[in-house]
Amino acid sequence: MKRMLSVKDLARDERFQRIVIEDVVFDPRNATMRRDKKRNGFNPHEPEMPDAARQLMHGIFVGEIQALEGAGRTCFDYDTGSGREEVPLQLKLDMARQCWDEARHCEISIKLTEHMGSEIGEFAEQTMLFEAACHEDPIFRLCGVNRALEGLAIDVFNTMRDLGKATQDPVLFFCEDWMLADEVTHVKMGSDWLRRITEKDPDRQKAALEFQRTVDKLFSFGGFRGEEEENPIHLARRFRTLAGFSEDEITELVDVAAEAYAEAQAMQAAATAAS
C-alpha cells in the first residue's frame, strides 16, 4: 500500500464535488454577511439559519471523513520507533482509537444530515483538513489536525449543540454533545503527544505550533470563528481548556481569528474600491 497519500488520491464517488478553501474564504456571500454585523446565520431567529445549519452539518460530515482518513494514514505512514520520522507505538494505538471515533462520527453525521433535511453532495467538499494530515512530520500533523482542526470541531460542535438546545431539537443536541466529548479527547491527545515528543526539541515544537497557527488562521474563514456576537462560531473556552489548551494559547487563537477577520475586511474594501 502506498504511503503518504495526497489529496488527489482520496477515493470519492459521484456524489462529492471538490472545492478549494480559497473559494470558501473569498465567497462574496460571506462578505455580504460581514458587512451586516448584526446578522448571524446560526441565530435561530434569522431566516437563513436552516440553510446555514445544513451547510455546516454537511461540512462536518466531510470533515469527519477526512479526519478518519488522516488518522488512518498516521497509523500507516510511519514506522514505529523513537526517530524523528518514526512514532511511538502508543501514538499509533491512539490514532487507531481515533479512527474508530471518526467512523462513528461519520455515521452520526449522515443521520443528522438526513434529520436536518439535506443529503450527501448537496454542498461541496473542501479538503484542507486532509491536506493538514499530509505533512511529512508526524508532529506537524498532530498540531495541524488534532490541535487546530479538531480544536475547530470543539467550537463547531459546541455551537451546533447550543443551536439544538435553542431550537428544541433533542436529536441535534444529543448527537453534537456526544461528538463534542470525543473531540475534547482527540485534542487532548494531540496536545499531550506534542509536548511529550518535543520535550527536548523546542525548535521542532515551535515550528509545529507555527504550522498550527497557519491552519487556525485559514479555518477562521475571515470572521467565521471568534468571540464577537457576529461570529457564527464562538470559541468554546471551557472545552478547549479541558482539551489541554493553556489560557495563553486560547488568547492567541482569539487574536488569530481577529487578524483573519481584519484581513478579510480589508480585502473586501479593496475589492469594493476596485469595482
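The values are calculated or read from the model by the stated rules, or taken from the named source; none is laboratory data. Fair warning: this is a prediction, and the values are worked out from it, not measured in the lab. Note that each Cβ is placed from the backbone with ideal geometry, even for glycine, and that neighbours are counted across all protein chains shown. Note: accessible area is taken over every heavy atom of the protein model, side chains too, but ligands, DNA and RNA are not part of it. Shrake-Rupley method; radii C 1.70, N 1.55, O 1.52, S 1.80 Å.
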When the chain is fully extended, how far beyond the present Cα-Cα distance does R97 get from K165, taking 0.36 nm per residue of separation?
21.5 nm
Over the chain, give the accessible area per residue in Å² for a 1.4 Å probe, as an integer.
50
If each of M4 and F76 carries a label point 7 Å out from its Cα toward its Cβ, how far apart are those two points in nm?
1.6
Roughly what would the spin-label model give for R12 and R204, points 7 Å off Cα along C-beta, in nm?
3.3
Of the peptides 120-131, 58-69, how do they stack up when ordered by the mean number of other Cβ atoms within 10 Å, highest first?
58-69, 120-131
Round to the nearest 10 and give me the degree value, 0 to 90, for the angle of helix 247-274's Cα axis relative to the longest principal axis of the chain.
50
Neighbourhood net charge (13 Å Cβ-Cβ; Lys/Arg +1, Asp/Glu -1) for R104:
-4
Of G190, G83, G151, the most mobile residue in a GNM of the chain (C-alpha springs, cutoff 10 Å) is G83
Apportionment of accessible area to carbon and sulfur, the chain, percent (1.4 Å)
55
By the Cα gyration tensor axes a ≥ b ≥ c (a/c under 1.5 gives rounded; else a/b larger than b/c gives prolate, otherwise oblate), the shape of the stretch 84-144 is oblate
On C-alpha positions alone, give me the angle between the axis of helix 170-197 and the longest principal axis of the chain, in degrees, nearest 10.
40
What FRET efficiency comes out for the pair T241/V20, r = Cβ-Cβ distance, R0 = 22 Å, nearest 0.05?
0.10
How far is helix 89-115 tilted, in degrees, relative to the longest principal axis of the Cα atoms in the chain, given as a value from 0 to 90 rounded to the nearest 10?
20
Tell me which of L253, Q265, P202 sits at the most positive position along the dipole axis of the stretch 170-275, charges placed on C-beta atoms (Lys, Arg +1; Asp, Glu -1).
P202
Prolate/oblate/rounded call for the chain, Cα gyration tensor, a/c under 1.5 rounded
prolate
Diffing the stretch 49-59: the Karplus 3J(HN,Hα) column from phi (6.51, -1.76, 1.60, θ = phi - 60°), in whole Hz with x for Gly and Pro, holds 4, x, 5, 4, 5, 5, 5, 5, 5, 5, x
Count, lysine Cα pairs under 22 Å in the chain, 8 or more residues apart or across chains
10
Just add up the charged neighbours of R12: K/R +1, D/E -1, any other residue whose Cβ is under 12 Å from the Cβ of R12.
-2
What size of dipole, in debye to the nearest 20, comes out for the chain about its Cα centre when the only charges are +1 on Lys and Arg C-beta atoms and -1 on Asp and Glu C-beta atoms?
180
